[in-house]
Amino acid sequence: MPVRGEVLGNRVLVREDYGPLVERGFGEKKKEGLVLSLYEAAYLLERGKLEVLKEGEPLDFHAFLRHAEEVDKNFLVKYTVFRDIRDRGYVIKTGFKFGTHFRVYPRGKKPGEAHTQYVVQVITEEDVLEPNDLSRMVRVATGIRTKLVLAFVDSENDVVYYKVERISL
C-alpha cells in the first residue's frame, strides 16, 4: 500500500508511515514529517509507492509532472537523469547547495553514512556549456572532495555520463 504525501510547492510532505522510505534513502526527516523533493516524489509515484495529494485531490503521475514543470520548466529532463541514477542503485539528492542539479552517494549508502561521491549537472543538446562554467563546476566539485559528472540528455531522452576532473601534469 502506498504512503500518502501532500504537495507543498516544490516539495512533498509525508506525515506518517515513511520509515521504509527513509531506510531506502528518500527524503529528509523534519519535525512535521518526511520532506521529499519533487524528483523523489515523482520516482515513488511512478512506482506506485506514493500517493500524492494537491489541495486534497489525488494526482496521477502525469498531473504530478505538470505540477513539477510549473515549478521547474526543465523538470522532465532532470527527472530522466534522477530516475536513471536511482535505478542504478544510487541514492540521489538535489544538489542546489553545491551549485549543481544533483548529488549522488556511493551505491548502498545514503546521507549520513557516506560523503557525496558525485555532483551531477544535467545538460541537454540545446544547452551551451561555456568553459568558465565548466571550470567553476570542476572547482566546486574539487573543493568539496567529490567528482563532477555531466549528464547529457539527448532528444530521445537517452543519458550519457561524463566524469570531468582536473589533472596535474
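A few comments on the model shown:
- Any hit, region 133-142, residues being surrounded by 11 or more Cβ atoms within 10 Å (Cβ to Cβ), in contact (Cβ under 8 Å) with a residue 60 or more places away in the chain and polar (S, T, N, Q): no
- Residue count, region 65-89 (criterion: touching a residue at least 24 places away in the same chain (Cβ under 8 Å) and not polar (S, T, N, Q)): 14
- Those residues of region 77-109 which are under 13 Å from TYR43 (Cβ atoms) and aliphatic (A, V, I, L, M), in sequence order: VAL81, ILE85, VAL91, ILE92
- The combined condition, being without any contact (Cβ under 8 Å) to a residue 24 or more places away in the chain and of a type in the set (Phe, Trp, Tyr), is not fulfilled by PHE152.
- Condition check for LEU38 on (1) surrounded by 13 or more Cβ atoms within 10 Å (Cβ to Cβ); (2) over 27 Å from VAL153 (Cα atoms): one failure, at (2).
- Test: residue in region 20-29 that is assigned to a strand (DSSP E or B) and surrounded by fewer than 21 Cβ atoms within 10 Å (Cβ to Cβ): yes
- Inspection of region 119-137 identifies at least one residue that is outside any loop (DSSP other than H, G, I, E, B), at pLDDT 95 or above and under 24 Å from VAL22 (Cβ atoms).
- The requirement of being modelled with pLDDT of 95 or more, part of a loop (DSSP other than H, G, I, E, B) and not polar (S, T, N, Q) is satisfied by GLY48.
- Test: residue in region 145-161 that is surrounded by 14 or more Cβ atoms within 10 Å (Cβ to Cβ), among the aliphatic types (A, V, I, L, M) and in contact with a Gly (Cβ under 7 Å, 6 or more places away or on another chain): no
- Scanning region 89-114 for residues that are closer than 15 Å to LEU148 by Cβ, in a loop (DSSP other than H, G, I, E, B) and modelled with pLDDT under 95 yields GLY95, GLY99, THR100.
- Pairing each residue of region 18-34 that is under 15 Å from ARG86 (Cβ atoms) and among the aromatic types (Phe, Trp, Tyr) with any residue that is surrounded by 10 or more Cβ atoms within 10 Å (Cβ to Cβ) and at pLDDT 95 or above, provided the two are 6+ apart or on different chains, yields C-beta distances under 7 Å for PHE26/LEU36; PHE26/GLU40; PHE26/LEU44.
- Each residue in region 119-143 was checked for being farther than 19 Å from VAL81 by Cα and either of a type in the set (Gly, Ala, Ser) or touching a Lys or Arg at 6+ places or on another chain (Cβ under 9 Å) (or both), and 5 pass.
- Considered as a group, the residues in region 44-75 that are out of contact with any helix residue (DSSP H, G or I) (no Cβ under 6 Å at 6 or more places or on another chain) and within 20 Å of ILE123 (Cα to Cα) include one that is surrounded by the most Cβ atoms within 10 Å (Cβ to Cβ), and that residue is LEU65.
The values are calculated or read from the model by the stated rules, or taken from the named source; none is laboratory data. In this text the structure is predicted, and so the values were computed from the model without any measurement. Methodologically, a virtual Cβ is constructed for each residue, glycine included, from the backbone with ideal geometry; neighbour enumeration extends over all protein chains shown.
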